[in-house]
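Shown next, in structure tokens, is the structure this report addresses.
The values are calculated or read from the model by the stated rules, or taken from the named source; none is laboratory data. Quantities reported herein were computed from a predicted structural model and do not represent experimental measurements. Note that we place each Cβ from the backbone using ideal geometry, even for glycine, and neighbour counts take in every protein chain shown. Accessible surface is based on the protein model in full, side chains and every heavy atom, while ligands, DNA and RNA are left aside. Shrake-Rupley method; radii C 1.70, N 1.55, O 1.52, S 1.80 Å.
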Amino acid sequence: MIWQLDLILLIFVVICAIAAITVKDLLSSAVILGAYSFFMCLLWVEMGSVDVGFTEAAVGAGVSTVFFVAAVYNTTRRTKD
Amino acid sequence: MEFIISKYNYWIYITLMMVGFYAMIGKRNLVKKLVGMNIFQTALILYFISTAAKKGATIPIVAHGHGEAVHAVHATQYVNPLPHVLMLTAIVVMVSTFGVALALIMMIYRRYKTLEEDEILKATK
Amino acid sequence: MIGQIEDVIIQTFCRLIIPFMQVFALYVIAHGHHSPGGGFQGGCILGASFILLCVAYDIGEAKGRMSEKLNVMLCSLGVIIFGGIGVVCLILGANYLDYGILHKLLRVDVPQARSLGILGIEIGVGFAVMAAMISIFLNLASRGEHEEAIEWE
């Protein structure tokens with residue numbers, strides 16, 4: 001566990017989280033949430049928990065982003081806040 | 001000040017958790033609430049994973065675990081695998097709740113033609 | 001989204017990458033008991049390869065490869081494999097999912113029987129998770145109608 005890498009990844013994660021909830025387009029929100037999941041996966045692998053990181057890379061960054069995009073295409077992209 | 005800096009990771013986890021919590025209660029769009037719930041869950045999992053980390057420890061996989069002569073496993077050389085297993089279950093629950101919530105949001109959109117909470121409340125009155 | 005964009009680059013690339021994804025998923029399932037990975041992760045990657053086929057071509061193409069009936073049958077087959085191995089252990093006189101007792105049936109020694117039992121469990125979980133992921137995606141992408149019902153707004 002290297003604390004410089006840890007701090008950089010944590011700052012990226014916080015930036016991605018704030019961007020995902022403030023952006024005005026739900027499709028952009030889906031893609032930024034995928035990036036958030038991938039940074040979270042890097043953080044977990046860096047902490048030594050390879051199994052959880054692998055699961056998050058397969059599920060959070062892969063499959064659930066596809067679910068999100070499919071649902072957004074079937075409803076609407078617009079949001080007021 | 002030293003109290004804050006020495007425990008910087010916990011403060012960032014709490015910040016991340018509060019970002020998700022704000023999105024769950026402050027945003028009016030239903031999909032934004034769902035994004036907030038996802039952020040909240042991953043922040044909670046991150047906290048649990050960080051309790052397992054140790055200095056100078058490697059990943060919890062015993063190399064040459066079978067076949068050769070069995071050698072002793074020192075627990076200080078490996079990170080604690082118990083929170084990993086618990087949080088693996090939490091990730092499985094996370095993706096299934098995400099799918100169910102998206103299906104419910106699609107049904108709400110088909111009925112009310114909007115995803116904003118205030119417009120749905122106005123339409124139900 | 002689906003069936004509206006006919007891009008030869010995306011289709012060729014997906015046709016090339018899907019077999020490698022499936023081989024990697026089978027590797028993850030088969031090596032799950034002594035390395036990272038396992039039934040859930042491998043099943044997710046296996047389902048993601050079919051989802052990629054749905055996205056690159058259309059839902060009809062993917063349903064030609066794996067029909068709705070086969071999908072539901074695979075989902076229940078995974079659960080039956082999981083429960084069946086447990087019940088076989090129970091019948092042979094041990095606890096539920098106590099794989100060590102399977103050495104009477106498989107004619108190998110006890111550690112080998114435990115390894116094979118975990119492998120069987122992970123194959124069952126992989127089937128169930130793959131079918132569930134494909135089913136969730138098809139229901140979300142086609143508004144629960146399993147047809148090409150996707151258009152803007």
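Key figures for this structure:
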read-out	value
When residues of segment A:49-59 are limited to those that are within 7 Å of another protein chain (Cβ to nearest Cβ) and open to solvent by less than 10 Å² (accessible area, probe 1.4 Å), the one nearest to residue B:86 (Cα to Cα)	A:52
Residue that is more than 16 Å from the chain's Cα centre (by Cα) and among the small types (Gly, Ala, Ser), where the choices are C:30, C:25, C:94	C:94
Residue in segment B:32-43 that is surrounded by fewer than 22 Cβ atoms within 10 Å (Cβ to Cβ) and facing another protein chain (nearest Cβ under 7 Å) present	no
Count of residues meeting criterion [open to solvent by less than 90 Å² (accessible area, probe 1.4 Å) and either more than 9 Å from chain B (Cβ to nearest Cβ) or in contact with a Phe, Trp or Tyr (Cβ under 9 Å, 6 or more places away or on another chain) (or both)] in segment A:7-21	9
Among the residues listed as B:113, B:125, the single one being among the charged types (D, E, K, R) and within 9 Å of chain A (Cβ to nearest Cβ)	B:113
Per-region count, segment A:36-48, residues open to solvent by less than 30 Å² (accessible area, probe 1.4 Å), under 28 Å from residue A:23 (Cα atoms) and not hydroxyl-bearing (Ser, Thr, Tyr)	4
Helices (runs of 4 or more DSSP H) fully within segment C:13-131 counting 2 or more residues that are at pLDDT 85 or above	C:39-56, C:68-91
Residue in segment B:59-73 that is open to solvent by less than 60 Å² (accessible area, probe 1.4 Å) and either charged (D, E, K, R) or in contact with a Ser or Thr (Cβ under 9 Å, 6 or more places away or on another chain) (or both) present	yes
Flag if residue B:47 is more than 10 Å from chain A (Cβ to nearest Cβ), in a helix (DSSP H, G or I), open to solvent by 40 Å² or more (accessible area, probe 1.4 Å) and touching a helix residue (DSSP H, G or I) at 6+ places or on another chain (Cβ under 8 Å)	yes
First in segment C:71-82 and under 20 Å from residue C:51 (Cα atoms), second anywhere and open to solvent by 50 Å² or more (accessible area, probe 1.4 Å), Cβ under 6 Å, 6 or more apart	C:74/C:127; C:78/C:127
Residue check for residue B:1: more than 7 Å from chain A (Cβ to nearest Cβ) and either under 25 Å from residue A:66 (Cα atoms) or touching a residue at least 40 places away in the same chain (Cβ under 8 Å) (or both)	no
Cβ pairs under 9 Å, 6+ apart, first in segment C:137-150 and at the interface with chain A (Cβ under 7 Å from one of its Cβ atoms) and more than 14 Å from residue A:66 (Cβ to Cβ), second modelled with pLDDT under 80 and open to solvent by less than 40 Å² (accessible area, probe 1.4 Å)	C:143/C:149; C:143/C:150
Selection from segment B:84-110 of residues that are more than 8 Å from every other protein chain (Cβ to nearest Cβ) and open to solvent by less than 40 Å² (accessible area, probe 1.4 Å)	B:90, B:101
